[in-house]
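Single-structure report; data block below.
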Amino acid sequence: MLPRPNLPHLLEPFGLALSSDQEDCLVAYLGLLLRWSSRINLTATGNAEECVTRHFGESLYLTRWIDLHGQLLDIGSGAGFPGLALKIVAPELAVTLLEPVAKKRAFLKEVARTCKMHSVDVRGDRLEDFSRSRTHPQFDVVTARAVGRLARLAEIASQCLKPAGHLCLWVSHDQQDELQTPHSVLEWGTPIPIPMSRQREIWIGTKTRTPRRNLA
């Protein structure tokens, strides 16, 4: 298990400083992640230090760039990154996690229970079905990490966003072209390089009130 004093050092490259309570939550989450990963496919690494930097650090890095408030939708949550991890530093955030695999949903619920996280809704819906069931956009932030078909995902996810809401995507360099669509309701900011990574960035798109033409 990860020695507690190592946490500040591991998170330092991301400019993150957690409170004692937040560190307690991260350590409890990490312990569950490592134990459950021996039984189901949650993460490709069983190394505690790499889990902290690659998963928690990269997820929480988003808080350096946008203010998290209101309701967040996380698409394809898997082991809970980034959506559930963000609850560590934004406990008042209402989080909906979309994860089609039942065993992974059980893990997400166990993390929420163990860490005493409130306002966490774990659902088995796929994004297309979930978006069709909404009568109006309700989310302030939508997140997705380690997913494909980004152009299609961005199109559907934007329908779940309130005006001026943010779509936040963790992408690799070879996925960037998928987001350069000629028509979009999303205005993309400058891609944000992820510390300790040469290939991954965070893209943040802000929903405009009317469709706009991307002239980039």
Sparse-neighbour loop sites [trypsin sites (Lys or Arg not before Pro); the stretch 35-132; at most 11 other C-beta within 10 Å; DSSP]: ARG39, LYS116
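Got a sec? How would VAL142, VAL122 order by Cβ neighbour count within 10 Å, fewest to most? Display every interim value, and only then the final one.
Working: VAL142 30, VAL122 21.
Arranged by neighbour count, lowest to highest, VAL142, VAL122 become VAL122, VAL142.
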Residues THR63, THR96, THR143, THR45, sorted so that the one with the fewest Cβ neighbours within 10 Å comes first: THR45, THR63, THR96, THR143
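DSSP beta bridges in the chain, what fraction antiparallel, as a percent rounded to 5? Can you show the working numbers first?
On the way: 14 of 33 bridges.
That works out to approximately 40 percent antiparallel.
As an exercise, use a Förster radius of 41 Å and the Cβ-Cβ distance of GLU49 and GLN180 to find the FRET efficiency, rounded to the nearest 0.05. Please list the in-between numbers first.
Details: r = 35 Å, r/R0 = 0.86.
For GLU49 and GLN180, the calculated efficiency is 0.70.
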With Cα coordinates, the longest principal axis of the chain makes an angle with the long axis of helix 20-37, in degrees rounded to 10, of 90 degrees
Can you compute the modelled spin-label distance between GLU92 and ARG64, with each label point 7 Å from Cα toward Cβ, in nm? 2.5 nm
Roughly how big is the chain's charge dipole about its Cα centre, with Cβ charges of +1 (Lys, Arg) and -1 (Asp, Glu), in debye to the nearest 20? 520 debye
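Once you keep just the Cα pairs under 8 angstrom separated by 6 or more residues, what percentage relative contact order results for the chain? The partial results should precede the final answer.
On the way: 371 pairs, mean separation 33.7, N = 216.
Normalised by residue count, the contact order of the chain is 16 percent.
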Between THR135 and SER119, how many nm apart are label points set 7 Å from Cα along the C-beta direction? 2.1 nm
Please give the helix 102-114 orientation as an angle from the longest Cα principal axis of the chain, in degrees from 0 to 90, rounded to the nearest 10. 60 degrees
Among LEU86, PRO163, ALA102, the residue whose Cα sits farthest towards the positive end of the charge dipole of the stretch 66-213 (+1 at Cβ of Lys and Arg, -1 at Cβ of Asp and Glu, taken about the Cα centre) is ALA102
Contour minus end-to-end for SER197 and GLU23, with contour as 0.36 nm per residue of separation and end-to-end as the Cα-Cα distance? 60.3 nm
Once every DSSP H run of n ≥ 4 in the chain is given -39500 (n - 2.57) and the sum is divided by its residues, what mean residue ellipticity at 222 nm do you get, rounded to the nearest 500 deg cm²/dmol? -7500 deg cm²/dmol
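By counting other Cβ atoms within 10 Å of each Cβ, how are PHE56, PHE130 ranked from fewest to most?
Ascending Cβ contact count within 10 Å gives the list PHE130, PHE56.
Each value in this text was obtained by applying a stated rule to the coordinates, not by laboratory testing. This structure is a prediction, so every number in the text was calculated from the model and none was measured. Backbone-built Cβ (ideal geometry, glycine too); neighbour counts: all protein chains shown.
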